[in-house]
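Following: one structure in structure tokens, then a few remarks.
We did not get these values from a lab; they are worked out from the coordinates using the rules stated. Values in this document were obtained by computation on a predicted structure and should not be read as measured data. Cβ placement follows ideal geometry from the backbone for every residue including glycine, while neighbour counts extend to all protein chains displayed.
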Amino acid sequence: MAKRKIAEVWYGRIDETPIDHLWVATAACGLVAVMFRNNEETFRQHVTKLAGNGPWRDETKIAAVQDQLLSYLHGELRVFSLDICWDVMTEFQQRSLRQVFAIPYGETRTYNQIAHEIGQPKAIRAVGRANATNPMPLVVPCHRVIGSDGKLRGFGGGLETKAQLLRMEGSWLI
């Protein structure tokens, strides 16, 4: 999946967030992955597939990511200032998720809108798949993408977490 092998990747776990624990991986190029509630081995395998190289556990290397994710999850941060390692994505996924990355805090878009914004109006399902395989949810806010009917659709952290995030941002109320 990666266009090029990423030389060094580090990872760690962020505990005690409002949505359970997170696994995070980063490299010199930027953020590589964020994963909800999984075990360490599953996350390591995921990162190895994305980066073409096995990650090293080093909590100090993820400190900046941890600070921003915790600030976001506690409602103190609205815009991430993290570098993103886009190279871990396919070309189509990059185009789709760069559009998702641009969705402002507190707003939503539909899969259909994203498909139109990237100039491929018939690629709604492909946009959905790009979101479903988003390697760095929260930072690339795929939780802000909803169905054309206004309903929540799949999210790696679960639909209740997606609803919780949207409520926190004030963009969706039950």
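Ignoring solvent entirely, what values of log10 I(q)/I(0) come out of the Debye formula for segment 37-172 at 0.09, 0.10, 0.12 Å⁻¹ when each Cα is a single scatterer?
Treating every Cα as an identical point scatterer, log10 I(q)/I(0) equals -0.27, -0.34, -0.49.
How high is the relative contact order of segment 19-174, in percent, counting Cα pairs under 8 Å that sit 6 or more residues apart?
22 percent
For q values of 0.12, 0.19, 0.20 Å⁻¹, compute log₁₀ I(q)/I(0) with the Debye formula on a Cα-only model of segment 9-73, without solvent.
-0.25, -0.63, -0.69
What's the extension gain from Asn38 to Ala102 if we count 0.36 nm per residue and subtract their Cα-Cα distance? The partial results should precede the final answer.
On the way: separation 64, 0.36 × 64 = 23.04 nm, distance 2.71 nm.
In short, 20.3 nm is gained.
Given Lys5/Lys61; Lys61/Lys151; Lys5/Lys122, which pairs have Cα atoms separated by over 28 Å?
Those over the limit are Lys61/Lys151; Lys5/Lys122.
Local charge sum around Cys29 (other residues, Cβ-Cβ under 9 Å, Lys/Arg +1, Asp/Glu -1)? Could you put the intermediate results ahead of the total?
On the way: positive: none; negative: Asp83, Asp87.
Charge balance near Cys29 sits at -2.
Computed on alpha carbon atoms, what radius of gyration and Dmax characterise segment 89-169, expressed in Å?
11.3, 32
Net charge near Glu107: determine it from the other residues with C-beta under 9 Å of the C-beta of Glu107, scoring Lys and Arg +1 and Asp and Glu -1.
Residues near Glu107 contribute +1 overall.
Can you sort Ser171, Ser148 from fewest to most other Cβ atoms within 10 Å of each residue's own Cβ? Intermediate values should be presented prior to the final figure.
Numbers: Ser171 17, Ser148 11.
So the residues, fewest neighbours to most, are Ser148, Ser171.
Please identify every one of the GluC sites (Glu not before Pro) in segment 67-174 that sits in a loop by DSSP and has no more than 16 other beta carbons within 10 Å of its own beta carbon.
On the way: sites: Glu76, Glu91, Glu107, Glu117, Glu160, Glu169; in loops: Glu76, Glu107.
Those that pass, being in a loop and sparsely packed, are Glu76, Glu107.
Can you give the extra length, in nm with one decimal, that the chain gains between Gln45 and Arg13 once fully stretched, where that is 0.36 nm per residue apart less the Cα-Cα distance?
Roughly 10.0 nm would be gained on extension.
About the Cα centre of segment 71-151, how large is the charge dipole given +1 on each Lys and Arg Cβ and -1 on each Asp and Glu Cβ? Please answer in debye to the nearest 20. Write out the running numbers ahead of the final one.
On the way: 9 positive and 7 negative charges, 62 e Å.
With only Lys, Arg, Asp and Glu charged at Cβ, the dipole is about 300 debye.
Mind sorting Arg109, Arg13, Arg125 by how few other Cβ atoms lie within 10 Å of their own Cβ, fewest first?
Details: Arg109 19, Arg13 15, Arg125 10.
With the sparsest Cβ surroundings first, the list reads Arg125, Arg13, Arg109.
Sort Cys85, Cys29 so the one with the fewest other Cβ atoms within 10 Å of its own Cβ comes first.
Values: Cys85 23, Cys29 17.
Ordered from fewest to most neighbouring Cβ atoms within 10 Å, Cys85, Cys29 come out as Cys29, Cys85.
Mind checking which of Trp10, Gly106, Asn134 is farthest towards the positive end of segment 1-135's charge dipole, using Cβ charges of +1 (Lys, Arg) and -1 (Asp, Glu) about the Cα centre?
The listed residue farthest towards the positive side: Asn134.
So how strong a dipole does segment 31-170 carry about its Cα centre when Lys and Arg Cβ are +1 and Asp and Glu Cβ are -1, to the nearest 20 debye? Don't jump to the answer; show the numbers that get you there.
Values: 17 positive and 14 negative charges, 111 e Å.
Using only the charged Cβ atoms, the result is roughly 540 debye.
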